[in-house]
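The values are calculated or read from the model by the stated rules, or taken from the named source; none is laboratory data. Just so we're clear, the structure is a prediction, and the values are computed from it rather than from any experiment. FYI the Cβ positions are ideal-geometry reconstructions off the backbone, even for glycines, and counts take in every protein chain you see.
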């Protein structure tokens, strides 16, 4: 059993043997080329696109999605999925907003947001691990519940005029680079370390490859699952903190699209929806791809309503290409 | 009574009674004959979508169609646009069903030919279809239908809405017979229960699933026509939330998310439960937030309950064979 599992895990950790396919271009390189082409197209249509100010805006807009996407990648590698992550973000954000309104200082508010996110994530994980409900169904259900909580707390009115004390996290500059870049860097370095350099990360990959085998070799599957979903929730809570820091308000429809965007970015980045494989770097580039597309479409004068069509179409294309790839390999 | 599936039906009956009782306690207006008509007004649209979702789930794979609501919006808009261009309304409706079938066929190709997991494939088409519906109309509704068209969903016969008589009940009967009395039905169950065994005994598993995804698109078209007749307008967000509601209804009705178990009668009962609950909460003036929460709890709760029942059923089947 050990050998079956380890061979599968090895295949997942190092999926493309460089020796067997010397001319293979990795997903990240492919995405980089696609990003360059995309930027070239937008730059040729709009002079403003490559300006420092616009690129900083794109980066600032990508921060929350990037953070969520790191957690989503880990959950998808685990063989799960979480469509309620927008709801988690919304509930965290609304709690943060209310806490600020009650006059609490930053050092109380931020832990509240993070703890709320982690707790809701752990709730998802517990339902999924203990009752064996398919993750998509469980998180669809909890999404309804989280959105209901949002409505109840927010009462149909925007929370606005929140303090700007944390804005430097996203809007500030440090050593000449936008501060958001450092936040993304820290989160991705941490996630990469957890996933690729700790036993816990190996367990995540093993469960994604073959849950039954992972159980048989003694990996605590349920606990790892709950931890992974809680980590995603924690990241969603952090995204909520960053969202409030950036915009200083909480909208009624906060977080509506973030789950779909995060899933799309992760899949674009090369994660296998069946679990086992995925790339944090690829996911980050997927996020950039989505955010640059959104920004560029507006700049060249296409209605922002077309965003969803473009992202959806892109997702279909990538899925189809992946399907041909798997067919060719097998 | 010992059969877990009929236990499920009794359980659903109890739940329906409980929902009705809760409605009566919550609002003095609930226990009136007009409530029944009001309630049945909502049933057909949700009901046909729930049945389509049940069929897709039954055939296994695991199968799910998350694009069903977006397909419904898009077909509604297509019919309205064709009518606006001078196509006779009935022809436009017929073409709309065809378009629904085509949109379903896109899912079918992605899932059954390219073997992309249904969840991902239909999530992507959900994105694309709902985006198209919004982008093509700029978010505004299309209207201008003749008055006679409203008869389908606004007219009554013996106090029951016409679309109940002409669409929901016939479709439920046809699908029930299809599933329980025909060879195709037993093939669907076989494909959902054990794909390999079904394949080895000559069931064309993937062709069957292909057809069911197309059928799901056509049924979404039916739902679109009923909504058009009801509101006399095609809204780009007409099907919003329907994907989740239809999954909730199918699962609550006893369809197993991995296929092979489920009945149309369960789905019908589940639709009645969900609409009774919604109408009761509406009449009692309880905020939409609680309605959402109730649906969420129902979905999670029914899957948890279903897994318990499903496990027992599978164990029984294994022992029997």
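Take the conditions crowded, with 22+ Cβ neighbours inside 10 Å, within 14 Å of chain A (Cβ to nearest Cβ) and farther than 19 Å from residue B:239 by Cα and apply them to residue B:110. Does it pass? So residue B:110 passes the test. Residue A:157 fulfils the conditions (1) in contact with a helix residue (DSSP H, G or I) (Cβ under 9 Å, 6 or more places away or on another chain); (2) more than 12 Å from chain B (Cβ to nearest Cβ) except for a single criterion, (1).
Among the residues of the stretch B:113-122, those that are more than 7 Å from chain A (Cβ to nearest Cβ) and within 19 Å of the chain's Cα centre (by Cα) comprise B:118, B:122.
Of note, residue A:192 satisfies the criterion of being away from every other protein chain (no Cβ under 11 Å), modelled with pLDDT of 90 or more and surrounded by fewer than 22 Cβ atoms within 10 Å (Cβ to Cβ). Does any residue of the stretch A:275-290 turn out to be facing chain B (nearest Cβ under 9 Å) and at pLDDT below 85? Checked against the condition, which is being facing chain B (nearest Cβ under 9 Å) and at pLDDT below 85, the stretch A:275-290 yields no hits at all.
Considering the stretch A:92-193, the qualifying helices (runs of 4 or more DSSP H), each wholly inside and each with 3 or more residues that are under 20 Å from the mean Cα position of the chain (by Cα), run over A:106-131, A:135-154.
With the structure loaded, tell me whether residue B:282 is over 29 Å from residue B:194 (Cβ atoms) and without any contact (Cβ under 8 Å) to a residue 60 or more places away in the chain or whether it fails that test. For residue B:282, the condition - over 29 Å from residue B:194 (Cβ atoms) and without any contact (Cβ under 8 Å) to a residue 60 or more places away in the chain - is met. For the stretch A:86-130, a tally of residues being out of contact with any strand residue (DSSP E or B) (no Cβ under 9 Å at 6 or more places or on another chain) and within 14 Å of chain B (Cβ to nearest Cβ) returns 13. Residues in the stretch A:294-302 include none that are crowded, with 23+ Cβ neighbours inside 10 Å and either modelled with pLDDT of 80 or more or under 27 Å from residue A:96 (Cβ atoms) (or both). The set of residues in the stretch B:225-243 that are assigned to a loop (DSSP other than H, G, I, E, B) and either more than 13 Å from chain A (Cβ to nearest Cβ) or surrounded by fewer than 22 Cβ atoms within 10 Å (Cβ to Cβ) (or both) comprises B:232, B:233, B:235, B:237, B:238, B:239, B:240, B:241. When the stretch A:269-293 is filtered for residues that are part of a loop (DSSP other than H, G, I, E, B) and crowded, with 23+ Cβ neighbours inside 10 Å, the ones remaining, listed by number, are A:269, A:270, A:271, A:276, A:278. Of all residues in the stretch B:244-255, those satisfying the criterion of being within 9 Å of chain A (Cβ to nearest Cβ) and either surrounded by fewer than 24 Cβ atoms within 10 Å (Cβ to Cβ) or under 8 Å from the mean Cα position of the chain (by Cα) (or both) are B:244, B:247. Residues that are farther than 29 Å from residue B:305 by Cα, touching a strand residue (DSSP E or B) at 6+ places or on another chain (Cβ under 6 Å) and touching a residue at least 12 places away in the same chain (Cβ under 8 Å) do occur in the stretch B:231-249.
With respect to (1) buried (at least 24 other Cβ atoms within 10 Å of the Cβ); (2) part of a loop (DSSP other than H, G, I, E, B); (3) within 12 Å of another protein chain (Cβ to nearest Cβ), the lone exception for residue A:255 is condition (3). With respect to (1) in contact (Cβ under 8 Å) with a residue 60 or more places away in the chain; (2) surrounded by fewer than 16 Cβ atoms within 10 Å (Cβ to Cβ), the lone exception for residue B:86 is condition (1). Residues in the stretch B:126-171 that are free of Cβ contacts under 8 Å to residues at least 12 places away in the same chain, surrounded by 14 or more Cβ atoms within 10 Å (Cβ to Cβ) and more than 9 Å from chain A (Cβ to nearest Cβ): B:155, B:162, B:165, B:169. Between A:308, A:266, the distinction of being touching a helix residue (DSSP H, G or I) at 6+ places or on another chain (Cβ under 7 Å), touching a residue at least 60 places away in the same chain (Cβ under 8 Å) and either within 11 Å of chain B (Cβ to nearest Cβ) or buried (at least 24 other Cβ atoms within 10 Å of the Cβ) (or both) belongs to A:266 only.
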